[in-house]
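Below: one structure, written as structure tokens.
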2 protein chains.
Amino acid sequence: MNIVFTFRPPRDIQADLQKKFPNETFSFYKQLDEAQSLLEAEILVTFGSDLTEERIHECESLKWIMVASAGIEEMPLQAIRDRDILVTNARGIHKIPMAEFTLGFMLNHVKRFAELHTLEQSETWNKELPLQELAGKEVAILGTGAIGQEIARLAKAFQMATTGVNKSGRHVEEFDQIFTIHELDSAVRGADFIVSVLPSTPETINLLQQEHFEAMKNTAAFINIGRGDLVSELVLLSAINDEEIAHAYLDVFTVEPLPEAHPFWRHPAITVTPHISSVTKQYVPRAMEIFEHNLRCFIDGGDYANVIDVTKGY
Amino acid sequence: MNIVFTFRPPRDIQADLQKKFPNETFSFYKQLDEAQSLLEAEILVTFGSDLTEERIHECESLKWIMVASAGIEEMPLQAIRDRDILVTNARGIHKIPMAEFTLGFMLNHVKRFAELHTLEQSETWNKELPLQELAGKEVAILGTGAIGQEIARLAKAFQMATTGVNKSGRHVEEFDQIFTIHELDSAVRGADFIVSVLPSTPETINLLQQEHFEAMKNTAAFINIGRGDLVSELVLLSAINDEEIAHAYLDVFTVEPLPEAHPFWRHPAITVTPHISSVTKQYVPRAMEIFEHNLRCFIDGGDYANVIDVTKGY
């Protein structure tokens, strides 16, 4: 079987795969354009942003696309559906780094590490900063999937109250209460932190409106590690400038990289990080664990992990 | 009964105490030198650094000193012991803010928030920073009391391995393994983080020696939120400059405030914070909860919380 990678995992991982599946033919390419054996691929392993409708048509033997990330927004879903190609992704491997990153933002907020860093740079000893605690505070998490749930689990360990927002309002473990996406006002009203881990779908684009920021506490911090198009940048900027909330921690943006001279960069109440919350040395090894499991299923049968419903897009 | 405070809690707390104990006489002073009714005090509530041997002799009716902090190193313990005065402190109220602060340092380390902050200041979008995770890492905690245990509890929530160091080697909940203070080399050898929460006692002064830093991983981070005299500044500076460890996060110092132009301030591998890890808005309310409990015991009998063994000093 021809298995084509459009990225190069570390050599030890390549060797490990070949050893575990000696009867299969693995080809590892730096990028899709260099993949000479692409047209023979029965299985394609990709980060997901290099596929076009044309490529799908060309790869006539293609039966399965393993996306070694979570986002599949850039994939030609219609062409894939027409051909009935199996799509799986690496959903779930992001939850640990992203939840840790979120708790990092939250601790930076209550412990004022950025200000402490500035004091240190000017060699200033100031014990009078009014530090706070996570304990006793409330976090509202938009999105109660694997990532949202992991954030809630850690928040509970810090003795925080956890509110979740999802489509149906169904109960999810680690959340004290759940609201539906239509009850967003009520969900965010009492929260000290509002965290979004939502993907970009027709329902989530511009979901967060001015009225929601008005409903938030003036002391609240908004954290977005999902997708930038959850909220219009103008709405967010107004909310910050009108002091509807105290701070925004943003890892994702409508346009990435965030353009030079964008007002977010230097705003004292906005913290910008370069879409990095899911980055971790454990990324490829964890994605390959899922791939190996699914490859075993592809060969011998069994239940695939992380099958994408191509009609829904997640 | 005359109850003298040598600090002023917020007015609502003062009123609350008077309401709960209507038969007692509370006097609240900004500092000990202004406490006109000091000599009549039967109960003294203090932060602990304002008492001298002479004051103890003067206060002939003094039966109980409530120290609204955890450190009692500056108190005239011999004079207190001679008079058989009860001493209680606010032990335990530090555990939440100090454990949160420690996890904040740890997340800042693996997620490189200081570097991300610097990138932001120069409007630089750089996704290539090699971020790490707490999950799977090991923390060695010197001191397995309330604070150490709370740090270990949170570390376990982050899926870390936890090693504790205490005098006897006795098992303590939340720790995967425990070493005695004489096995420090072995305790720190495999750790990614070495955290000290130890108080200053004859046994802990200069406890951490060059050999221990040599035993640590080169990638390890040392976090000290206990007392600065745990390690000589020269030993620590050498360990950092010789790259025995990767970074030191220091909230406590041999001399505080850390003097101007001290080499720690600007060292790229040392983070300095101003002895602030225990600071929290919840501090006085929590200390008063303990005081109220003990005052009830003083009046009606019962088991005091946080009695200090004055002969041992903790």
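The values are calculated or read from the model by the stated rules, or taken from the named source; none is laboratory data. Computed from a predicted structure; not experimentally measured. Positions of Cβ are generated from backbone atoms using ideal geometry, with glycine treated the same way; all protein chains shown enter the neighbour counts. Ligands, DNA and RNA are stripped out before the accessible areas are found, and what is left, the full protein with its side chains, is counted by its heavy atoms. Shrake-Rupley method; radii C 1.70, N 1.55, O 1.52, S 1.80 Å.
Results, tabulated for the structure shown:
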| read-out | value |
| --- | --- |
| Set A:PHE291, A:PHE253: member being under 25 Å from B:LYS127 (Cα atoms), of a type in the set (A, V, I, L, M, F, W, C) and out of contact with any helix residue (DSSP H, G or I) (no Cβ under 7 Å at 6 or more places or on another chain) | A:PHE291 |
| Test for B:SER238: is it of a type in the set (Ser, Thr, Tyr) and surrounded by fewer than 18 Cβ atoms within 10 Å (Cβ to Cβ) | yes |
| Residues of the stretch A:134-165 satisfying the condition of being hydrophobic (A, V, I, L, M, F, W, C) and over 24 Å from A:ARG112 (Cα atoms) | A:LEU142, A:ALA146, A:ILE147, A:VAL165 |
| Which listed residue is at pLDDT 95 or above and either of a type in the set (Asp, Glu) or touching a Cys at 6+ places or on another chain (Cβ under 6 Å) (or both), from A:GLU260, A:GLU203, A:GLU214 | A:GLU214 |
| Matching residues, the stretch B:271-305, being within 14 Å of chain A (Cβ to nearest Cβ) and β-branched (Val, Ile, Thr) | B:THR271, B:VAL272, B:THR273, B:ILE276, B:VAL279, B:THR280, B:VAL284 |
| Scope the stretch A:215-225; condition surrounded by 15 or more Cβ atoms within 10 Å (Cβ to Cβ) and touching an Asp or Glu at 6+ places or on another chain (Cβ under 9 Å); matching residues | A:ALA215, A:MET216, A:LYS217, A:ALA220, A:ALA221, A:ILE223, A:ASN224, A:ILE225 |
| Single match in A:ILE3, A:ILE56, A:ILE13 (criterion: over 26 Å from A:ASP82 (Cα atoms) and of a type outside the set (Phe, Trp, Tyr)) | A:ILE13 |
| Identity of the residue in the stretch A:248-270, open to solvent by less than 30 Å² (accessible area, probe 1.4 Å) and not in a loop (DSSP other than H, G, I, E, B), that ends up nearest to the other protein chains (Cβ to nearest Cβ) | A:TRP265 |
| Check on A:THR219, within 17 Å of the chain's Cα centre (by Cα) and within 14 Å of chain B (Cβ to nearest Cβ) | no |
| Single residue of the stretch A:3-46 satisfying the filter (more than 22 Å from A:ILE72 (Cβ to Cβ) and among the β-branched types (Val, Ile, Thr)) that is surrounded by the most Cβ atoms within 10 Å (Cβ to Cβ) | A:ILE13 |
| Looking only at the stretch B:278-314, and only at residues there that are more than 15 Å from the chain's Cα centre (by Cα) and of a type in the set (Ser, Thr, Tyr), the one that is farthest from B:LEU44 (Cα to Cα) | B:THR311 |
| Single residue of the stretch A:109-122 satisfying the filter (over 13 Å from B:THR271 (Cβ atoms) and not small (Gly, Ala, Ser)) that is least open to solvent (accessible area, probe 1.4 Å) | A:VAL110 |
| Residue within the stretch B:75-93 that is closer than 17 Å to B:ASP309 by Cβ, open to solvent by less than 10 Å² (accessible area, probe 1.4 Å) and in contact with a Ser or Thr (Cβ under 7 Å, 6 or more places away or on another chain) present | yes |
| From the options B:GLU123, B:GLU115, residue that is over 29 Å from the mean Cα position of the chain (by Cα) and closer than 24 Å to A:THR118 by Cα | B:GLU123 |
| Selection within the stretch B:276-314 - modelled with pLDDT of 95 or more, in a loop (DSSP other than H, G, I, E, B) and under 20 Å from B:PHE7 (Cα atoms) | B:ILE276 |
| Any chance B:GLY104 is within 14 Å of chain A (Cβ to nearest Cβ), open to solvent by less than 50 Å² (accessible area, probe 1.4 Å), out of contact with any strand residue (DSSP E or B) (no Cβ under 8 Å at 6 or more places or on another chain) and within 23 Å of B:ALA248 (Cβ to Cβ) | yes |
| Residues within the stretch A:207-247 that are part of a strand (DSSP E or B) and in contact with a helix residue (DSSP H, G or I) (Cβ under 7 Å, 6 or more places away or on another chain), tallied | 4 |
| Filter pass, B:VAL195 being at pLDDT 95 or above and assigned to a strand (DSSP E or B) | yes |
| Pairs with Cβ under 7 Å, 6+ apart, first in the stretch B:109-135 and touching a residue at least 40 places away in the same chain (Cβ under 8 Å), second in a helix (DSSP H, G or I) and not acidic (Asp, Glu) | B:ALA114/A:HIS117; B:ALA114/B:ASN108 |
| Count of residues meeting criterion [open to solvent by 10 Å² or more (accessible area, probe 1.4 Å) and within 8 Å of chain B (Cβ to nearest Cβ)] in the stretch A:125-136 | 8 |
| Restricting the stretch A:147-162 to residues that are open to solvent by less than 40 Å² (accessible area, probe 1.4 Å), over 19 Å from the mean Cα position of the chain (by Cα) and touching a residue at least 24 places away in the same chain (Cβ under 8 Å), the residue that is nearest to the other protein chains (Cβ to nearest Cβ) | A:PHE158 |
| Selection within the stretch B:283-298 - among the hydrophobic types (A, V, I, L, M, F, W, C) and without any contact (Cβ under 8 Å) to a residue 12 or more places away in the chain | B:CYS297 |
| Selection status of B:VAL139, more than 8 Å from chain A (Cβ to nearest Cβ) and within 17 Å of A:ILE96 (Cβ to Cβ) | yes |
